[in-house]
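Okay, so here's the structure we're looking at.
The values are calculated or read from the model by the stated rules, or taken from the named source; none is laboratory data. Computed from a predicted structure; not experimentally measured. Using ideal geometry, Cβ is built from the backbone for each residue, glycine included, and neighbour counts are taken over all protein chains shown.
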């Protein structure tokens, strides 16, 4: 199915990738990750649009603004993963499937990072593979959307 549009949401501090704690988050910048996601999207025949903000309200506004023209989301909410009921409710509210991604293995880090407000409402969660987490999440979401579209197709 061609024509799928995927939004990529990057939360707080992800604009610092490549500089911030490279031993945890790696050395690739957010621009490099977005470029890799765009390349894979082209290979998969889908469109992607990336958005980053350090502000929860801006992320929520963006979700609402783009949801009507978006089939699903890849979401790395950063620290908002562990703190934001509002983001969880916003993602549920726009009614689009999403995959939660994280560069680091959040289950192996500080105890507060092990809890996610998003995981229980996501179609999948990918973490611990560095920038590959985004690519694995994109592949999984596209597969989910295509599978869902096929099962929703009317039988002639």
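Any chance segment 115-125 includes a residue that's part of a strand (DSSP E or B), in contact with a strand residue (DSSP E or B) (Cβ under 9 Å, 6 or more places away or on another chain), touching a residue at least 60 places away in the same chain (Cβ under 8 Å) and surrounded by 16 or more Cβ atoms within 10 Å (Cβ to Cβ)?
Among the residues of segment 115-125, not one is part of a strand (DSSP E or B), in contact with a strand residue (DSSP E or B) (Cβ under 9 Å, 6 or more places away or on another chain), touching a residue at least 60 places away in the same chain (Cβ under 8 Å) and surrounded by 16 or more Cβ atoms within 10 Å (Cβ to Cβ), which makes the answer no.
May I ask you to say which residue of 60, 16 is free of Cβ contacts under 8 Å to residues at least 40 places away in the same chain, under 22 Å from residue 94 (Cβ atoms) and out of contact with any strand residue (DSSP E or B) (no Cβ under 7 Å at 6 or more places or on another chain)?
On inspection, the qualifying residue turns out to be 60.
Out of all the residues in segment 45-68, which are more than 14 Å from residue 13 (Cα to Cα) and buried (at least 16 other Cβ atoms within 10 Å of the Cβ)?
Once the filter is applied, which keeps residues that are more than 14 Å from residue 13 (Cα to Cα) and buried (at least 16 other Cβ atoms within 10 Å of the Cβ), segment 45-68 yields 46, 47, 48, 49, 50, 60, 62, 63, 66, 67.
Across segment 15-30, what is the number of residues that are at pLDDT below 95, outside any loop (DSSP other than H, G, I, E, B) and within 19 Å of the chain's Cα centre (by Cα)?
4
Can you tell me which residue in segment 87-111 is modelled with the highest pLDDT, limited to those that are in a helix (DSSP H, G or I) and under 18 Å from residue 13 (Cβ atoms)?
Per the stated criteria, the residue is 87.
What about residue 33, is it touching a residue at least 12 places away in the same chain (Cβ under 8 Å) and within 20 Å of residue 132 (Cβ to Cβ)?
Yes; evaluated as a whole, the condition is true for this residue.
Suppose we keep only residues that are more than 23 Å from residue 128 (Cα to Cα) and in contact with a helix residue (DSSP H, G or I) (Cβ under 7 Å, 6 or more places away or on another chain) within segment 69-94. Which one would you say is surrounded by the fewest Cβ atoms within 10 Å (Cβ to Cβ)?
Residue satisfying both the conditions and the ranking: 92.
Restricting the first residue to segment 138-151 and requiring it to be at pLDDT 95 or above, which pairs with a second residue that is exposed (fewer than 13 other Cβ atoms within 10 Å of the Cβ) and not in a helix (DSSP H, G or I) meet a Cβ separation below 8 Å and a spacing of at least six or different chains?
none
Exactly one condition in (1) modelled with pLDDT under 95; (2) touching a helix residue (DSSP H, G or I) at 6+ places or on another chain (Cβ under 9 Å); (3) part of a helix (DSSP H, G or I) is not met by residue 66; state its number.
(1)
What do you reckon, is residue 84 touching a residue at least 24 places away in the same chain (Cβ under 8 Å) and in contact with a strand residue (DSSP E or B) (Cβ under 8 Å, 6 or more places away or on another chain)?
no
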